[in-house]
Amino acid sequence: MMAQQDMILSEVRRLLVENAGFSETEYDLDTPYGIIRVAVRGSSKGARPVILTVHDIGMNHKSCFDTLFNSEDMQEIILHFAIYHIDLPGQQERAPSFPHGYEYPSLDQMAELLPAVLKHFSLKSVIGLGVGAGANILTRFALNHKDHVEGLCLININCNAEGWMDWAATKLTGWTSNLTDIVISHLFSKDEIHTNPNLIHTYRTHISTGLNHHNLQLFVNSYNSRRDLEIGRPFPGQHNHRTTLQCPSLLVVGDNSPAVDAVVDCNTKLDPTKTTLLKMSDCGGLPQVVQPAKLTEAIKYFVQGMGYMPAASMTRLMRSRSASGSSVASLDGNRSRSATGEAAKFYSHPSLGLQNINKNANANANVGGVEHSGPQSAEISC
């Protein structure tokens with residue numbers, strides 16, 4: 001088959017659609033793995049990156065990101081960045097079933113579709129925004145195509161392969177539960193399922209009636225068969241060959257999410273001078289749906305730290321450092337324009353701020369019986 005980097009996607013459909021009062025242009029692109037849908041909002045702003053989103057299992061770009069991108073707070077970001085939403089093969093609305101014998105792409109193969117998407121739309125670089133399986137796919141893309149990725153916002157990221165206990169639990173659940181219940185338990189915690197019936201009903205209905213279940217099952221199987229990302233935190237001052245993300249990364253998880261442990265574990269494998277972990281209170285598995293205003297503000301700080309949106313309006317976030325758990329600062333919106341920019345650098349761009357607060361506050365980490373001293377990732381609670 002043609003080399004992935006030389007893959008040419010052919011456009012089979014282009015349609016201007018209205019999405020909750022916002023105009024989007026949807027493109028259906030033919031790939032070696034079937035149709036992927038790309039929904040575009042806005043136009044590219046010169047050499048500025050676009051925001052590229054990839055959804056989780058049991059979702060498409062609308063059910064995963066509409067609440068966030070249609071919110072009033074997000075409109076300021078949309079003015080500065082074009083948005084490119086990816087619907088993975090067979091997950092778009094009214095998708096036809098894949099034929100018998102079709103082999104759904106692995107997460108690695110889906111990640112290798114993204115360079116062809118960028119080439120098709122003449123895009124140079126992206127800021128990735130992914131949830132769950134989408135976050136995993138974007139991470140694989142960033143590891144293999146560093147020059148195309150300026151930053152990543154990863155919600156509910158799990159960087160590990162499914163363990164044998166998880167595999168056994170998945171098999172048992174598959175025998176005793178239907179597909180909708182399996183996906184719901186992936187997206188939401190048990191507590192959230194019992195305490196937020198309206199939200200659960202909305203997504204249960206979407207999964208039951210809005211997605212092609214044959215295609216969804218293939219996607220779920222692909223995600224459950226994922227390989228480990230094989231990343232590891234580099235040790236300061238030591239020559240090593242550990243692979244990890246090179247771009248600024250914002251990890252996001254709700255404090256009541258089923259993905260909390262996985263996200264915290266992933267944080268330990270990333271470069272602490274380039275990574276921020278955001279734990280959102282009063283939030284479960286879908287922070288982009290339940291807390292869109294808080295997430296939008298975090299994204300604003302994140303892109304400010306990358307040198308964009310210097311005059312973005314802010315309100316308030318609480319900051320703590322995971323090294324001690326006792327250092328907390330408040331970022332208030334009632335400040336001058338220059339102060340807001342400085343706060344953003346302090347918050348989200350480690351090369352400008354995080355290393356400065358961490359370089360004299362190292363904590364010892366015991367790895368393989370050897371103590372290593374180094375900076376710790378910033379942890380934000382809001």
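All of the numbers you see were taken from the coordinates with simple rules; none came from a lab. Computed from a predicted model, the values in this text were never measured in an experiment. Cβ atoms come from the backbone with ideal geometry, glycine included; neighbour counts cover every protein chain shown.
Laid out as a table, the results:
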| read-out | value |
| --- | --- |
| Long pairs among K62/K124; K45/K119; K62/K119; K146/K274, criterion Cα-Cα beyond 19 Å | K62/K124; K62/K119 |
| Neighbour cut-off at most 13 other Cβ (10 Å), DSSP loop, GluC sites (Glu not before Pro), the stretch 60-101 | E72 |
| Charge context of Y27, other residues only, Cβ under 11 angstrom, K/R +1, D/E -1 | -3 |
